[in-house]
Amino acid sequence: METASYNPYQVAQSQFDKVAAILELDDGVKELLRQPMREYQFTIPVRMDDGKIKVFKGFRVQHNDARGPAKGGIRFHPMETIDTVRALSLWMTWKCSVVDIPLGGAKGGVICDPHHLSLREQEQICRGWIRQVAKNVGPVSDVPAPDVMTNGQHMLWMLDEFEMIHGGHYPGFITGKPVGMGGSLGRTEATGFGVVYVLREALKVLGLSPEKTTASVQGFGNVAQHAVQLYTQLGGKVVAISCWDQGDKVSYTYRKKDGIKIDELRGICDKFGGIDKKQAQELGYERLPGEAWLEQDVDILIPAALENQINGSNVQKISKTVKVIAEGANGPTTPEADEVIKQRGIFVCPDFLTNAGGVTCSYFEQVQCNMNYFWEKDEVLSKLDAKMTSAFTAVYDLAVRRKLYMRDAAYVIAISRVAEAVKQRGWA
Ligand code: NAD
């Protein structure tokens, strides 16, 4: 498996450079957009449960806020690096732009491992993070959200600290809060459903009806489960699911040729999206090697687990039957594999368009909080469907008109909107 051989920031910048050349961006605009506008790196001293002070390292990177307040998650991870945070901040700008929500891009993090921290220690890290950036973030400047190993509780501690400092209620300052505490209905489903709204539109333009298609999926976590749920509701058949086995420390593919049953698999999976292999066998699932999900004779592949999963060493395994790849994960395809997929003429729904349902729903959460009026779930999901559908249509139309690969078309739209905003503001 190819993994960390890529510096994500260099990848993000080289993707940007390629599109900047297609768009013939001015040097000034190019220089401004290929790097973050602001970066904060700081220490977070915490008195640990054993009475000693431990100093954690925190980051907030605001890539660009020309189109609106910067938006992006905060990750807690022992291997966090400034370059990962920088890359993710660029991708957030493009993601918000491609779905045309009035937000910019940011990302944050803390180098820590929540597995080895008590809840009190985690709360102190959250509050410390806010104290360090309280003047530089806020509902009209930079709106954080949960990401890897952070959740609604972390967001509430952060909100509380922010409100203590600023002396008022600002529920629109942070998203991903629990429902009932300012969170939006539909957020749990949003990313996976968004993947399928985009996939549905892709099938439409390819003249395929979902009920006549089959799919193979990598991952069985939040994104994958909701994508499988909606795709099967549309009549599609998922024949294989690959996920990580925590006990054996390998991934497996679970296959049922007449179609997997989502509820049955949900009943035997843990909270990390790992399927119990013994129970799967009892339910009649074949257990195959982890990469077998790529080799199935299906119409659709949905990578919804991790980055770099379709790479130079396995891209040739993709079955000749595959017509569409709908990228649910962030960065599931390496540039090398992407080139092969492009040559083969497979229709790609690129990650930052396809998985933008989550951030779009976070934007809806922010809107609802700022109004202090909350929508029903159906209303949230129908607004989400409309946003994702129109974003797909804009990208597809451009791809057809300019004979561009879907990923390049999505980048062209996203980057040109931000370039236009910085020009109109007179920044470059
Ligand atoms: P999750 O932690 O809920 O699930 C991850 C799944 O991937 C699990 O089923 C796990 O078993 C599986 N997995 C891990 N390693 C694997 C491997 N080597 N082979 C096969 N399966 C493996 O994560 P999630 O929230 O569903 O996110 C999945 C992807 O989607 C990530 O790339 C994430 O960045 C991206 N994403 C998530 C959201 C969101 O709202 N959750 C939004 C945008 C993008």
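The values are calculated or read from the model by the stated rules, or taken from the named source; none is laboratory data. These numbers come from a predicted model, not from an experiment. Neighbour counts are summed over all protein chains in view; Cβ atoms, including those assigned to glycine, are modelled from backbone coordinates with ideal geometry. Surface areas here come from the heavy atoms of the whole protein model, side chains and all, with no ligands, DNA or RNA. Shrake-Rupley method; radii C 1.70, N 1.55, O 1.52, S 1.80 Å.
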In the neighbourhood of residue 393 defined by beta carbon distances under 14 Å, the net charge of the other residues (Lys, Arg +1; Asp, Glu -1) is 0
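Suppose a student asked you for the relative contact order of the range 179-269, using Cα pairs under 8 Å spaced at least 6 residues apart; what percent would you report?
24 percent
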For the chain, the Debye formula with one identical point scatterer on each Cα and no solvent gives log10 I(q)/I(0) at q = 0.06, 0.12, 0.13, 0.14 Å⁻¹ as -0.24, -1.00, -1.18, -1.36
So, counting K/R as plus one and D/E as minus one, what does the shell of residues with Cβ under 14 Å around residue 141 add up to? +3
Length-normalised contact order of the chain, Cα under 8 Å, at least 6 apart, in percent, tallies to 17 percent
With n ≥ 4 as the cut-off for DSSP H runs, can you work out [θ] at 222 nm for the chain, using -39500 (n - 2.57) per run divided by the number of residues, rounded to the nearest 500? -14000 deg cm²/dmol
Taking only the Cα positions of the range 1-145, the convex hull volume per residue in Å³ is 128 Å³
Per the Kirkwood formula over distinct C-alpha pairs, the hydrodynamic radius of the range 301-428 in angstrom is 16.5 Å
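List the trypsin sites (Lys or Arg not before Pro) within the range 279-355 that DSSP assigns to loop and that have no more than 13 neighbouring Cβ atoms inside 10 Å.
320
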Antiparallel DSSP bridges in the range 34-185: what percent, to the nearest 5? 65 percent
Please compare each pair in 257/278; 277/323; 212/237; 256/278 to a cut-off of 20 Å on the Cα-Cα distance and tell me which ones are over it. 277/323
From the phi angles alone, apply the Karplus equation (6.51, -1.76, 1.60; θ = phi - 60°) to the range 240-250 and give each ³J(HN,Hα) in whole Hz, x where the residue is Gly or Pro. 8, 9, 10, 8, 8, 9, 5, x, 8, 6, 9
GNM on the chain, C-alpha springs below 10 Å: top fluctuator among 299, 378, 100? 378
Just to check I understand the Karplus step: with θ = phi - 60° and J = 6.51 cos²θ - 1.76 cosθ + 1.60, what whole-Hz values come out for the range 398-404, glycine and proline as x? 5, 4, 5, 4, 9, 6, 9
Students sometimes get this wrong: rank 293, 244, 157 by accessible area, probe 1.4 Å, all chains present, largest first. 244, 157, 293
For residue 238, distant residues with modelled amide H under 5 Å away: 215, 260
With Cβ to Cβ distances under 14 Å as the rule, what net charge do the other residues near residue 57 carry (K, R +1; D, E -1)? -1
Tell me, how many Å apart are the Cα centres for the range 351-376 and for the range 150-213? 6 Å
If contacts are Cα pairs under 8 angstrom and at least 6 residues apart, what is the relative contact order of the range 188-354 in percent? 23 percent
For the range 94-106, Karplus couplings with θ = phi - 60° (6.51, -1.76, 1.60), whole Hz, Gly/Pro x: 5, 5, 5, 6, 5, 8, 6, 9, x, 9, x, x, 8
Can you pull the semi-axes for the range 103-161, root of five times each eigenvalue of the Cα gyration tensor, sorted largest first, whole Å? 20, 12, 10
For the chain, give the share of DSSP beta bridges that are antiparallel, in percent and rounded to the nearest 5; count only bridges with both residues there. 55 percent
Can you count the Lys pairs in the range 34-185 with C-alpha separation below 23 Å, eight or more apart or on different chains? 12
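What FRET efficiency, computed as 1/(1 + (r/R0)^6) with R0 = 51 Å and r the Cβ-Cβ distance, is obtained for residue 319 and residue 53, rounded to the nearest 0.05? All intermediate terms of the calculation are to be shown ahead of the outcome.
Working: r = 56 Å, r/R0 = 1.09.
My answer for the efficiency is 0.35.
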Kirkwood hydrodynamic radius, computed over distinct alpha-carbon pairs, for the range 142-209: how many Å, to one decimal? 14.0 Å
When the gyration tensor of the range 241-346 is built from Cα positions, what are the square roots of 5 times its three eigenvalues, in whole Å, from largest to smallest? 25, 15, 11
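Give me the percent of DSSP beta bridges within the range 188-354 that run antiparallel, rounded to the nearest 5.
On the way: 11 of 26 bridges.
About 40 percent, rounded to the nearest 5.
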Solvent-accessible ranking of 404, 185, largest area first, probe 1.4 Å: 185, 404
With every protein chain kept in place and a 1.4 Å probe, the residues 261, 177, 30, 52 fall, from largest accessible area down, as 52, 261, 30, 177
